[in-house]
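The values are calculated or read from the model by the stated rules, or taken from the named source; none is laboratory data. Everything numeric here is computed off the predicted structure, so don't read it as measured data. We place every Cβ from the backbone using ideal geometry, glycine too, and count neighbours over all the protein chains shown. Side chains included, ligands, DNA and RNA excluded: accessible areas come from the protein's heavy atoms. Shrake-Rupley method; radii C 1.70, N 1.55, O 1.52, S 1.80 Å.
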Amino acid sequence: MGAFGRRGGALVVLALAIALVAAACGGNNDNTSSSGGQASSSGLKDLVTSNTLTVGTELPAPPFWIGEDYDSITGGFEVDLAKEIAKQLNVPNVKFVEMPFTGLVAGQRCRCDIDFSQVTITDERAKVVKFTTPYFEANQGILVKKGTNVSSMADAKALRWGAQTNTTGASYIADTIKPSTEPKLYEKTVDAFAALNARQIDAILLDTPIVLGAVKQGQIKDGAVVGQFKTGEQYGAVLNRNSPNVDAFNQAISTLKSQGFLDQLFKKYFTDPADVPVISP
């Protein structure tokens, strides 16, 4: 082995040990991965990407999400909320990714840290996903073409209904309205909107703020929200079942609520649902 021999090897080992100790004491930096159970500088653990809050949703969903694809989001209630939560938690970047709604509420794992998809908190869903504290309240709104009158449950029973699969609106149609014609279910809200535009159905039952947004955005030609059923639903952001970050997200949402930030967002993006007539079940 030559003159270098054991002594030289020992010195190398010692130098490497010192270097490793120094690196360990160097603290966290922006390039440190947060995977493997390590906490990021924000206190969040197991982020999909270090220093980035990865947010899942399904587009399009105005006015909660404004933009046609995940790289060109320009704003929206849940967009602004996600960005503000990232600021609260000291996460410098936010990335948006696709997660289908039907899979999300069925418990499929999202490749994200948190998902905002206007998901009503229910006991059944809470069996397969983890919810944050509520950040939004909604009733079920009736979206029709102008000229369609719905002022009573009797009127509602006579309609050809459409709804998105696995939504509380679909459940309300089946369990409460019980129409004379079998309702049609669609994988995405845009598919239901297309069916209404084509007059394949008479009405859509969906969260009142969402259908008001659809009318405001012109997604339904000659559309109108003519009534709502008072269901008092609450939205929660969805986390994967094993997420260690629910307390951190809850604290951020509660802080923004107490500061009036959520009220400001609502006024920015929504028509007041209180102006929509309530129909007794």
Review point. Average projected area of the Cα convex hull of segment 76-185, in nm²?
Key: 8.7 nm²
Point to revise | Distance violations [Cα-Cα > 22 Å] among Lys95/Lys127; Lys87/Lys268; Lys87/Lys257; Lys157/Lys184; Lys188/Lys216; Lys83/Lys230 | key: Lys95/Lys127; Lys83/Lys230
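Test of understanding: express the Cα radius of gyration of segment 154-281 as a ratio to 2.2 N^0.38 Å, with N the residue count. Working shown, then result.
Working: Rg = 16.8 Å, N = 128, 2.2 N^0.38 = 13.9 Å.
For segment 154-281, the normalised Cα radius of gyration comes out at 1.21.
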Study note, to complete from the structure: Over all viewing directions the Cα convex hull of the chain casts an average projected area in nm² of 19.2 nm²
Check your understanding: Where does each of 202-213, 217-228, 240-251 land if you order them by average Cβ count within 10 Å, highest first?
Key -> 202-213, 217-228, 240-251
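May I ask you to derive the relative contact order of the chain, considering only C-alpha pairs under 8 Å and at least 6 residues apart, and to give it as an integer percent? List each step's numbers first, then the result.
Values: 511 pairs, mean separation 60.2, N = 281.
Reported relative contact order: 21 percent.
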Practice item. Work from the charge dipole of the chain (Cβ charges, +1 for Lys and Arg, -1 for Asp and Glu, about the Cα centre) and give the residue of Gly75, Asn197, Pro100 farthest towards its positive end. Key: Pro100
Point to revise | Placed amide H near Val94: partners under 5 Å, 5+ positions off or other chain | key: Leu53
Exercise for review: Please give the calculated 222 nm ellipticity per residue for the chain, where each DSSP H segment of at least 4 residues contributes -39500 (n - 2.57) and the sum is spread over every residue; nearest 500 deg cm²/dmol?
Suggested key: -9000 deg cm²/dmol
Study note, to complete from the structure: Taking the convex hull of the alpha-carbon atoms of segment 101-150 and averaging its shadow over every direction gives an area in square nanometres of 5.1 nm²
Study note, to complete from the structure: Dividing the alpha-carbon radius of gyration of segment 126-217 by 2.2 N^0.38 Å, where N counts its residues, gives 1.10
Review point. Cα centroids of segment 67-89 and segment 154-231: how far apart, whole angstrom?
Key: 27 Å
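Using only the Cα atoms, work out Rg/Rh for segment 224-281, with Rh taken as the Kirkwood radius, to two decimals.
Ratio of gyration radius to Kirkwood radius: 1.09.
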Exercise for review: Counting only heavy atoms of the protein chains, get the accessible area per residue of the chain (1.4 Å probe) and round it to a whole Å² value.
Suggested key: 50 Å²
Review point. Over segment 122-281, what relative contact order in percent results from Cα pairs under 8 Å that are six or more residues apart?
Key: 37 percent
Practice item. Just need the relative contact order of segment 35-155 here, percent rounded to a whole number, with Cα pairs under 8 Å and 6+ apart. Key: 24 percent
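Kindly state, as a whole number, the per residue volume in cubic angstrom of the convex hull around the alpha carbon atoms of segment 40-106. Spell out each step's value before the answer.
On the way: hull volume 6.1 nm³, N = 67.
Hull volume over Cα atoms, normalised by residue count, gives 91 Å³.
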Exercise for review: Filter the trypsin sites (Lys or Arg not before Pro) in segment 69-126 to those in DSSP coil with at most 15 other Cβ atoms within 10 Å of their Cβ, and list the result.
Suggested key: Arg109, Arg111
Practice item. Specify the residue with the greatest mean-square fluctuation among Thr271, Thr176, Thr54, computed from a Gaussian network of the chain linking alpha-carbon atoms under 10 Å apart. Key: Thr176
Practice item. Could you tell me what percent of the DSSP beta bridges with both partners in the chain are antiparallel, to the nearest 5? Key: 60 percent
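Please report, in debye to the nearest 20, how large the charge dipole of the chain is about its Cα centre when each Lys and Arg carries +1 at its beta carbon and each Asp and Glu carries -1 there. Don't skip to the answer; put the middle values down first.
Working: 26 positive and 28 negative charges, 103 e Å.
Dipole size: approximately 500 debye.
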Exercise for review: Pick out, from Ser280, Phe261, Ala224, the residue whose Cα sits farthest towards the positive end of the charge dipole of segment 170-281, with +1 on the Cβ of Lys and Arg and -1 on the Cβ of Asp and Glu.
Suggested key: Phe261
